[in-house]
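The structure appears below as structure tokens.
The values are calculated or read from the model by the stated rules, or taken from the named source; none is laboratory data. As the structure is a computational prediction, the values presented were derived from the model and not from experiment. Reconstructed Cβ throughout: ideal geometry from the backbone, glycine too, with neighbour counts over all protein chains shown. Only protein heavy atoms, including side chains, enter the accessible area calculation; ligands, DNA and RNA are left aside. Shrake-Rupley method; radii C 1.70, N 1.55, O 1.52, S 1.80 Å.
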Amino acid sequence: MRELSLNILDIVTNSIEAEATRVIIAIEERQSQNLLRIRIKDNGRGMDEEFVSKALDPFMTTRTTRSVGMGLSLFRQSAEQSGGDLDIQSQPGVGSLVTATFELDNINRPPLGNMAESLVNLIVGSIDVHFCYLHKTDFGHLCFDSYWLFARMAESESDIYDQVAPAKRLLREKLKEIKSKSF
Amino acid sequence: MKTLADLRAIKEKAKMEMATREQSAKYRISVAMGTCGIAAGARNVMSAILDEMSKRNIQDVHVTQTGCLGYCDQEPMVQVTGPHNNTITYGKVSPELARKIIAEHVQRDKVLADHVFK
Ligand SMILES: Nc1ncnc2c1ncn2[C@@H]1O[C@H](COP(=O)(O)OP(=O)(O)OP(=O)(O)O)[C@@H](O)[C@H]1O
Ligand SMILES: [Mg+2]
């Protein structure tokens, strides 16, 4: 994947497929620690210990449509190539937490890319899921809740699709405000 | 400033409206968002579809994302389900083709036969 925001879209799609109703995406960028940490937490069906240990194997999938599952392995590969790693915590019936870390300045680290696109498309494409996006940097933080779109929709008595562009714009602007120069 | 309870109520109301729409929706569109789909550009396809929905002021159509359909070499894939639950699956959908699917298939009931995946 060219952008980590595409991996995030992919990992959150796992959560949606695991019937999560709440998903938290938390990103932390610390120049002081040369660290980028991405966490995706859901309340989906979860995996047992044995499954977790195999989930990173590309031949491990519960898909019936094909025999390989690439999402988690690709994300791990990306993290490991960037001096970081990927960890999965999960409990059946409770949910899962996927944490990927990267060295911020590692030359192999893909750019975060367009988080606004990934997030807003996820919200509109899965309206039954409640999303919360947190992004912290050395310069500030951002918190975006999927209720924002619904509140805007109700206030302006408009369609959800009319909130897509404003939501993306708002997110892009807010992210720019807290971005470090080198990112 | 709205409280969380207000927001919840708003969302429930919005969801109800959308559920009604889903039932009365003439078409349902789903974009495959498995790993292959995303790697092949499904995010931009979704963005293009959402953009057209707003630009064309389309309200009786429900857009969702689904997982992988199992035909990785045909990604990005878009499915359009009609009023009688008949589903047309498009393969190798670019953002431009996605816009055309909205204009032709969804708005004028004209299936783009050249792009249908069998
Ligand atoms: N958040 C999650 N909750 C529950 N199970 C999960 C979660 N994430 C992954 N899994 C399980 O791990 C398997 C492997 O996931 P992975 O993303 O690597 O591949 P996939 O989703 O099966 O296919 P692909 O990502 O290539 O479209 C999934 O099939 C699913 O059973
Ligand atoms: Mg996956």
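Quick look at the values:
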{"read-out": "Fraction of the pair-distance distribution of chain B above 25 Å, Cα-Cα pairs, percent", "value": "26"}
{"read-out": "Net charge of Cβ neighbours under 14 Å - reference A:Val94; Lys, Arg +1; Asp, Glu -1", "value": "-1"}
{"read-out": "Nearest 10 degrees, 0 to 90: helix B:42-55 Cα axis against chain B principal axis", "value": "60"}
{"read-out": "Ellipticity estimate at 222 nm from DSSP helix runs (n ≥ 4, -39,500 (n - 2.57)) divided over chain B, nearest 500", "value": "-12000 deg cm²/dmol"}
{"read-out": "Distance between modelled label sites at A:Gln89 and A:Gln77, nm, 7 Å Cα→Cβ extension", "value": "2.8"}
{"read-out": "Proximal charge balance of A:Gly140 [Cβ under 10 Å; K/R count +1, D/E count -1]", "value": "+1"}
{"read-out": "Rh (Kirkwood; distinct C-alpha pairs) - the range A:13-156, Å", "value": "16.3"}
{"read-out": "Partner lysines for B:Lys55 [C-alpha distance under 16 Å; skip if fewer than 8 residues away on the same chain]", "value": "A:Lys168, B:Lys100"}
{"read-out": "Cys residues of the protein assembly as shown counted as unpaired, since no other Cys beta-carbon is under 4.7 Å", "value": "A:Cys132, A:Cys143, B:Cys68"}
{"read-out": "Debye log10 I(q)/I(0) at q = 0.11, 0.13, 0.15 Å⁻¹ for the protein assembly as shown, Cα point scatterers", "value": "-0.67, -0.95, -1.25"}
{"read-out": "A:Ile178 versus B:Asp60: modelled label distance in nm, points set 7 Å from Cα along the beta carbon direction", "value": "4.2"}
{"read-out": "Exercise: per-residue mean of other protein chain Cβ atoms within 10 Å, B:67-74", "value": "4"}
{"read-out": "Protein heavy-atom accessible area occluded, B/A pair - total, 1.4 Å probe, Å²", "value": "3100"}
{"read-out": "Shielding by other protein chains, A:1-13, mean Cβ within 10 Å", "value": "4"}
{"read-out": "Accessible area of the protein assembly as shown divided out per residue, in Å², using a probe of 1.4 angstrom", "value": "48"}
{"read-out": "13 Å beta-carbon shell around A:Glu80, net charge (K/R +1, D/E -1)", "value": "-1"}
{"read-out": "Nitroxide proxy distance, nm - points 7 Å out along Cα→Cβ at B:Asp114 and B:Met16", "value": "4.7"}
{"read-out": "Mean Cβ count within 10 Å, highest first, over the residues of peptides B:102-114, A:32-44", "value": "A:32-44, B:102-114"}
{"read-out": "Ranked by how many other beta carbons lie within 10 Å on average, peptides A:84-94, B:37-47 from highest", "value": "B:37-47, A:84-94"}
{"read-out": "Residues in the range A:71-105 reached by a label modelled at A:Asn34 [backbone nitrogen below 13 Å; 7 Å Cα→Cβ]", "value": "A:82-84, A:102-105"}
{"read-out": "Test item: B:55-62 mean partner chain Cβ contacts at 10 Å", "value": "2"}
{"read-out": "A:Phe139-B:Thr3 FRET efficiency (beta carbon distance; Förster radius 30 Å; 0.05 resolution)", "value": "0.55"}
{"read-out": "Within the protein assembly as shown, percent of DSSP bridges classed antiparallel, to nearest 5", "value": "75"}
{"read-out": "Normalised contact order of chain A, rounded percent, pairs of Cα under 8 Å and 6 or more residues apart", "value": "24"}
{"read-out": "Spatial separation of Cα centroids for the range B:56-113 and the range A:141-156, in angstrom", "value": "27"}
{"read-out": "Excluding exposed DSSP-loop GluC sites (Glu not before Pro) (at most 12 other C-beta within 10 Å), longest clean stretch of chain A", "value": "A:20-156"}
